[in-house]
Structures are given as C-alpha cells and as structure tokens.
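All remarks here apply to the structure that follows.
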Amino acid sequence: MRLLLVIGILFCSFAALAQTKSLNPLVQWPLNEEAFVIVNVKLNGRSITSDMEAYYTENKRLLMPVSLLNNTLDITIDINDGVLLAHLTQQEETYSTTLLMDTPQQSTSWLWVKDDFDHYIDLALLNEILGTKSKFNYSLMQVSFSTTLVDVTQSNMRTQLNGSHQTTVQFDHSLNDQYQTFTYPVTEYDITTQYNARQNKLKSAVRLNSYFDLMDHQAQWRLNQNNNQTHNFFKLSKHVDLLSNDTSLTSPNYELGDIQARQDPLVMVATQGRGFTLSNANPQSSDSFSSITIEEPTLPGWIGELYRNGQYISASEAKNENVVRFDNVETFYGNNVYEIKLFGPQGEQITRVQKVTVGKNALAAGQINYQFDILDAQHNLFKSKQSNTQPFKTMLASGLSYGLTDTLTIDTHLTLLNSEKLVPYFRSGVNGITTQGSYKLAIAKQVDAGQAMFAGYRGVISQWTDHDISLNLETSIIDDFTSGVFLDQAHPLKSRFSLAMNSKLANTDNISWDLRWLHEHRKHTASRNITSVGFNSSYLGGTWSNQFQYDDSQDSLLNRIYWSQDIARWRWTNAIDWLPLESGALKNIRSTLRWPQTHNSFNQTQLSYNPNAKAKMLLGHQYTYRHPYFNMSLSGQYDSQDDWRLSFGLSGTFSFDYVDQALTFNAPRALNSGQLEVHSFIDWNNNQVFDLHDEPLNNTALTGNYRWKGRQTNQAGKVLLPSSSGGQILEIDVRSLPNPYLHSTHGKIKTISHRGGVSTVNLPVTVFNEVEGTVYVADADLSKPAAGVSVFLLQNGKKQLETITQYDGYYYFPNVPAGTYTVHIESNLLNIAQFTAQNIPEKIITPKSGDTLILRDITLTANNTHVENSKNTSPPNPLSSHYFVQLGVFKKFRSALVVAKELNAHITKLQFYRNRTHNNYYLVSGPYKTQPDAQMMINTVYKLPSLFGSFMIDARRYQSKEWQKLGAFEKNKHEETFFCLYAHTALKQHAQASLTKVDNAFLVKSKSRQYLALSGPHLSSNANECDALALSKNQHRTKLSWAELATLLY
C-alpha cells in the first residue's frame, strides 16, 4: 500500500511538472513612447478589439498588453517577481518564462516592457502559447490569430456592444451618461479642392460631421457642401433613465430632426425624413421581424465592410449623406454581432460593433412598450427637398405592446399615410418565443380597402449537422392592400414566401454558407422565384465571399465575388459582379490596393471597370501625409475617356478645450466618443463635493487611456480628457499626488459618455493615516506573538475600524481618517481569559497631513500582574499552543484530493484547508498538543520521499479570515467519508450562489468544465450534513463518495 501511495504521489508531482512548459526568457526593451501604436486584433477571422494599445519596436516586434490579453484571448497571465506564468483556458498546460532586466538585446530576443499602465509582452510569446504564426501587419495596424485553442464566442471582448470597449476590469464607483445644456462641438472635417481637365473647372467641397450637446440632448449635425448642392442633417436624441419602481414603462428614448422611421412587415419601410420618434423599446429591435438598417456616420470616401458573426455580408461607401448605411440587413435567431469595418481614404481603419439579439428579448409579463412616429418624407429639417421613393408624403404611427406572459406578447398599431389623401391602417399581432425559436403573426387592415397577413418564424436547427443552422421563414398574403411595403403596381403582389438559412460547412469552422429563396405571386402574371446561394470565409489575413443569385423571371444569373487579402504589408481588395449565363458579361470590377503604411504616410491605388459607364475604366492613386493634428492628401484620377482629375484635401478633427481655453486639433476620427471633465481636489470635509474649504490638486495624472499620457490637471485641479467608446475606467495615478498619504475616495471609476457629450467626474482625495503594531503574550520571562487577536480603533466609544493580528502578532490599519482614537483589544481565537493587556495607549491622534503611526508593542500578561489598563477576556481557544504538520500545497483541488485519499489510509487527523487569497489547497496533519507529538508525525512522513519537505507550524496560523477549513479526513474503520454536492452547472454564478448558503463550501471545476459546489469531506455518521441546501429540480445526487467525485474530476 505504501508503494501505491508513493507511486500516486509521484504521478501527481510528475503530472504537475509535465503541465508546466518553460519558454524563452523575455528581455526588457527600453521604453520608447514614439513606438506606440493602436492595433486591431482578429481571432479566427473576427475582430475582437479595434483599439488595442501596443508598442512596435525598431526591430519589428509587437509588444501586446497583458491586461487586455487576459480579457481578449482567454489567457490568464500573472507576473510576480520577474516570472511570467500563462495559462490557457482551453488547456491544462501552464507556460512559464522569466522577465530579464539589464540584459543585452539580440535580434532574436523576445521582448517585454512596462509603462505607467501595463506590462507588454512579445507577440512571439503568444504565438508559442497558441501554436500560431501570427504576424503584425503594420500597413493595416492589425494582428490576426487563427487557432482552435481559443473560442472567439467565449471571449470576454464579445461584450463590446454597440461599439463599446468593455473589459472585465473591476471598478469601485460608476457614473451614468450625462447630458449638458451645451458642449463645444467635436467636429470631423474634410476640405477638398478638385481640378477637372476636360471641364477646365475647379470644384471645392466641405464635409463636416459635428457632435455636441444642446439643451440636454445629444446633437448630431452633418454637412456636405459643394459647388452645386448642400446636404444637411441634424438630429437631437436622448435616452432617459427613469428611477421609478414601476418597471413596466421605463427607459424611453426619442429622436427629433432628421430621423429614420421604424419599419414593419406590412405597412412601413425604413424611411428617412424630418420628424419625431418616441419609444421605450430596444433601439436595436425592429418590427420588420428579420431585417434591420445599420449605419455609421463617416465622411464621404469611407468604405464599410459589414460582417455578421464573422461572416462577410456586403460593402458600402459613404456618399453625400456622410454615413455608411446598410439597408435590409438580415437577422437570425439568437445573437447577431455585426461588425462594421471602416476603411478611411487616408489609411484609417476602425471597427464598430453592434449586437442585435433576436427572439430572446420578449416583454416580461405585464411590461408595456410604446411607440410614436411622425415623419415628413419629402423634406429634411432645414426644409430642403429630398428624393422620396415612397408612395406617401407624410406618416403618423403609434403602437402599444403588452407582455401577456414571459413568452407571449401582443401588440396593436395605428398608422396614417398621406399621399393624395389620408389613409388609415390598423395592425395587430402576436409575438412568441419557444425553446428553439420565435414567431410572429400580424394582420393589417387598410380602411376602405383590403387587408394583409404576415407570419414568420426564426429558429435554429441543431439535429442535422455539426453546426447549428439558423432558419428564417416568412410568408405574406395580400388582398386589395397597398402600403409603404406593398406598392400600387400594374401587377400587384398577391402573396410572398421567403426562406433563409445560414450555417457553417460540416467539419470546418471558417467557411460559412447561406441559402435564400424568395417566391412571389402577382396578379395577372407568372410567379417569380429568386434563389441565391453563397459561401464566405474569414481567415488569417483575408476574407472572401462568393454569391450566386438566379432570377427566373429574367432568366438571369448574377455572380458576386469579393476577395480581400493581406500580402506582406499590402492589402488587396477586389469586387467583381458578372453574369455567367450571358457570355460572362461583366457588370463592374473594382480593385483597391492599400500600400504599406508608415507613421506619416499612406498610399492607395484604385482601378475600376464599368461597361455601362461613359468612362468604362478609371485609375486613381492617393498619397496622404499624416500629421498629429491633421491629414493632407493629394490624389489623381485618369479614365478611359482621356480625362484626368487632380485633388487636394485636408482632413482632421477639431474641438475646443474650455478647461485650458484652447483649440485642439487631431487626426480624423480621433474623438469617437465623449469627453471627461475631471476635477481632482482634497476633500477636507469628506462630503465628496468641491466646496469652499477644499483644495484643488494640480499636476494630477490619470490612468486608464493611452491618450492621457502627459495630460495633468491644471491649477484649478481640472483637465478635459477624451473617453473611450461605450465606457471608460479611470483612476488617479497615486504617483502623481504630492503627498504619499493622499488616497482617492472612489478608487477606480467607470464612466459613460456619449459622442459629443462631456461627463463631469469628481475625484475627491482624502488624507489617510496608517496605524500598526504588534501584540505579544508574555508569561514569566517568555513571550511569543499573539495571533488571532481582534484589535479595534474606537471614536467616542464606537468601533470604527477592526483588524485581526496575523501569525506573528502584527496588526495593521490602512486608510485611517484624521482624528482621535482609542485602541481596544478583544479575544478572538486566542485564550486570553487569564491575561491582561498592557501598553495600550490612552489615545492616538492621526494628523490631518497623514502619517504612519507605529504603536508600542501590546503585551498580554498574567492576571497576577497589576496593570491599570482595561482587561479583555475571552473563552479558551482549543488550538492555543497546538501544532500542525503541513504536508503539501496544491494549486488544483483534484491533485490535493488524490493525495489526501492515499494519505488517509496512513495518517490520522488529516485536515484540508484552502487559502482564500491565493486559492491554494493545503493538507495538514493535526492538531498535536506538543511539539514532540508533531515531530513524531514528521519523522513518519519523512519516510515518503514526496513528503520530505513537511514541517511543523503553529495551529493558530489557519485561524485567520484568509483560511477556510474544508473538512477533516479522519481514519475510522467503520465510517466512510463523503462530499456534499450542492450545484453541478456550466454557469459559475449559479454554482457560486450555492456557496453563500452553506458553511465551508467551495468551488471546483470538473473535467467536463462544469462547476461543482461542494462541502466535505464528512463522516457518514453526519447523515444530514447535505441537507443544508434544498436541491434544484435537475439535481439528482447530494452525496458523493470518493469514487463518484473522482469520476467527475478526472
């Protein structure tokens, strides 16, 4: 049996060693802030963050931030004392390397660096861990990983919704978005002058996108002015957070100005115009059931590529409306993560993310959603006429939705369309969700005419293939009915049926397919069928898409091919539309070559061919000079009609810093979100508000954003800082504070600021003190540290602060406010019933300027010694002067469990502890009343080579709050030990919920990556031990034997 014990222990030890791999050491790189870059990171073809802050060294090595890698690639990286440990979530292996300092750098050396914000490690190290060969594309400012070891759908950075940049960074305080009466506009500009040789004319254009607050609303103004036309767009919007306890009518949002009316499947299509819309529904939802409109404001010349869940959909270019828009974008059941990859004409590359959840956002029972729209489709807000393809001039609509149950919602709507006369429409419907999908039934009645009906289903098929198949089914039946959706035509539509399917090819993870079929039946004409089949893939360094569409009414087959590829530091993009059945006739070809970028220049060449245009072929090239404050471009075009054009442009972003009273100029799209007005001050009266008695703090630096480097508060303690899109974590850099005893009241703060808005962030700082000392137990001429004694600081007899002495008797109070205190001792885990406390000061005074007070040693002496200080007593502690033998420390619970099972057969009094701080598991034997008894056990375990390092330790060490006793493995011939299982789930939060209800419960992860909430081991005599928590409906077992638990763990 002892041989089996040794083999088992050695096996566990070798397994642990085998799971740790040593990698090449990292050599420290001398920090050079000029090498700072902003990088787009792609994982398995999908962008997971578009603004990673990194360094690109002179020898072409990319150094990536550790904190972001922890959140983005599911890699746990810890750096302590010059050693880096990396653990991949999908594997059991741990990688280790050393961070070298003051070591000569070789061309092949892996590098690391640390700045004020983070540690940065070499891309080569990541490639070694992930088994990839990823390279940094400086031309695109992009690095792509292709690996099966990380699941992009599980990446924490998928929490970037609506363009937000959120991580799992914890914060202590949060501030909601704020609207101001007025903020100075943040304006993107593009000024272009073009000379046309054939016309011998000089043309100029001014394009502006401006964002600001006006009358406590978010305002957006877009202007496109050229020699012939002026396009204006202006909109006010606001999202209101109601603080009412009634959750049935909360969170209204509204827009006023140039808006887009909502669409539905029977009456309204998405229509632009001036108007007003009010609703408390999710802004990302749509009544059209399976399609939405996605747009992103940009200046003309920007090209957007749209992806859904990593699949390429289409491309669009910003025109005179200063926006990249994608209409009728299909949605499928579940989460639809849309990525808009924006490519600027001067080499910019930005990724925006929107998430639309379909079929899982039904109204809760009793909840009410409302909607009101009024629209003039013929004019914009500035009364300019606009092209209107709709059969109506004005529109007014209202609607209500009510949740009958959590899975069933009913709605009713009234819509008035005005063309030559006012036509009312009544529409009602039912929306429901099932375990595999959602459905919608709607019927609309046109007054003095007919009616229309719609039925749709969105779901997932998971039985047929390795990958889920998303499915959309829709049908409409029309009877003497015309609307914005169904136009009045010579051959009116009688019925329509559509099928859409989307999935991935079997045995592949990066090739997707989609199938669409549309069947239309019209009056007095043959039916029409449009069928399309497509394949696309996003892979390391590129994207391709191939779509075939056949229209039987025209006997026409259209093939659309899109291909984008990184070649070295170049990016080549091609789009081809051609007709295979018409002798391969080309419709158009467009090819774009983005040259390798440098810090201060960018080149792009374009070639296009359109046989239907007057000038069939067009060749153009653009050179851009980049300055920190602006971009300057020079471009030329030459076409097949022997015409040429030459353009000069200036673009950038400008705003006004009202804190420093100065205009600020930046590169294009430098401010994609709001700004933060930060006010730092010493809060002398601790009311967290700057008032007469407080003192502003100048030269205070903030951490949280690379763009804040070099920015500090002014003499008034204020600074205006750019925020990050969707949210910003910030805190005071304590190294910049003038007094080491200053402490930020709020710690880390999370703020939200909309684009063009300014959020005010008060950062009160208070003065703190530190109080420390040591407690000893004295008996005759001997003394030893008193562990587990409670020490209090009192003001006016009331307890303000509390701590417990450590193993060596030391106690410490951080962040003690200025004031007068008394010290009070209470017994906790130490038997001091026979002792009296000496050397307790009558009072201590912590100064207003901050200080560290080291108190005299407090001594607990025998009762027969006369002391004038107050006496503190407590019941006896059974572990006083007892000893444990520490047998082993384990990082994983299951490793400790294997050893404990074997040791239980040989060692009595085996105990199991967990350190809450380090999350390690400790096996100890004891307690023993005398040191000789403990030493006898050490002599016994020394016979086992794996336990040769066992040592004696005071039992009181394990009585502090950082230790959790899990159970005792007592040797008993008649009783078997067991564990209690309270939760077995894939959701960690569900398992953690059980821990709060059971004493000494702990959490472990099974081999199937399920979370187990356990307690034990327990003796079988305690049969009711597992009854502390009631079972859930799907829980069938509460008691686990050793063998049953081992089956779950390994």
Item checked: Label-point separation in nm, residue 239 to residue 404, each point 7 Å along Cα→Cβ -> 3.1 nm
Notebook entry, point to check: Which chymotrypsin sites (Phe, Trp or Tyr not before Pro) in segment 422-528 pass both tests, a DSSP loop state and at most 12 other beta-carbon atoms within 10 Å?
Noted result: 464
Next item on the list: For residue 531 and residue 228, calculate 0.36 nm times their separation in residues minus their Cα-Cα distance, and state this gained length in nm to one decimal.
Entry: 104.9 nm
Notebook entry, point to check: What number, in percent, do you get for the relative contact order of segment 697-825 if the mean sequence gap of Cα pairs under 8 Å and at least 6 apart is divided by its residue count?
Noted result: 18 percent
Note to self: Can you give me the orientation-averaged projected area of the convex hull built on the Cα atoms of segment 599-665, in nm²?
What the structure shows: 6.1 nm²
Item checked: Where labels lie 7 Å past Cα in the beta-carbon direction, separation of residue 936 and residue 200 in nm -> 11.6 nm
Next item on the list: For segment 569-687, just list the percent of Cα-Cα distances falling in each 10 Å bin from zero outward, please.
Entry: 11, 25, 24, 18, 11, 6, 4, 2, 0
Next item on the list: Let me know the Kirkwood hydrodynamic radius for segment 769-862, please, with Cα pairs as the basis and the value in Å to one decimal.
Entry: 13.5 Å
Checklist line | Computed E for residue 23/residue 421 - FRET, C-beta separation, R0 51 angstrom, nearest 0.05 | finding: 0.10
Next item on the list: Order by neighbour count: 368, 804, fewest other Cβ atoms within 10 Å first, most last.
Entry: 368, 804
Check: Can you give the FRET efficiency for residue 328 and residue 174, using 1/(1 + (r/R0)^6), R0 = 60 Å, r = Cβ-Cβ distance, to the nearest 0.05?
Finding: 0.95
Notebook entry, point to check: Taking the Cβ-Cβ separation of residue 848 and residue 698 as r and a Förster radius of 25 Å, what is the calculated FRET efficiency to the nearest 0.05?
Noted result: 0.80
Margin query: What distance in nm separates the two pseudo spin-label positions at residue 515 and residue 561, each 7 Å out from Cα along the beta-carbon direction?
Written below: 2.5 nm
Notebook entry, point to check: Can you list the HN-Hα couplings for segment 782-796, worked out from phi with the Karplus curve (6.51, -1.76, 1.60; θ = phi - 60°), rounded to whole Hz and with x for Gly and Pro?
Noted result: 9, 8, 8, x, 9, 8, x, 9, 7, 10, 10, 10, 10, 10, 6
Checklist line | Compactness of segment 556-606, expressed as Rg and Dmax over alpha-carbon positions, Å | finding: 14.7, 48
Notebook entry, point to check: With a 10 Å Cβ neighbour count serving as the proxy for reagent exposure, in which order, fewest first, do 479, 264 appear?
Noted result: 479, 264
Next item on the list: Using 0.36 nm per residue of separation minus the Cα-Cα distance, give me the extension gain between residue 428 and residue 642 in nm, one decimal.
Entry: 71.1 nm
Item checked: Loop trypsin sites (Lys or Arg not before Pro), segment 179-235, which have at most 15 other Cβ atoms in a 10 Å radius of their Cβ (DSSP) -> 198
Notebook entry, point to check: If we count other beta carbons within 10 Å of each Cβ, what is the order of 395, 215, fewest first?
Noted result: 215, 395
Item checked: Out-of-range pairs (alpha-carbon distance over 19 Å; input 587/616; 60/135; 504/1005; 784/929; 421/494; 238/393) -> 504/1005; 421/494; 238/393
Next item on the list: Note the full-extension length gain between residue 760 and residue 625 as 0.36 nm times their separation in residues minus their Cα-Cα distance, in nm to one decimal.
Entry: 45.0 nm
Checklist line | Where trypsin sites (Lys or Arg not before Pro) fall in DSSP loop in segment 350-456, at most 13 other Cβ within 10 Å | finding: 360, 383, 421
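Rule-based calculations on the coordinates, nothing more; no lab input. Please read all numbers here as calculations on a predicted model, not as lab measurements. Here Cβ is always computed from backbone atoms with ideal geometry, including for glycine, and neighbour counts include all displayed protein chains.
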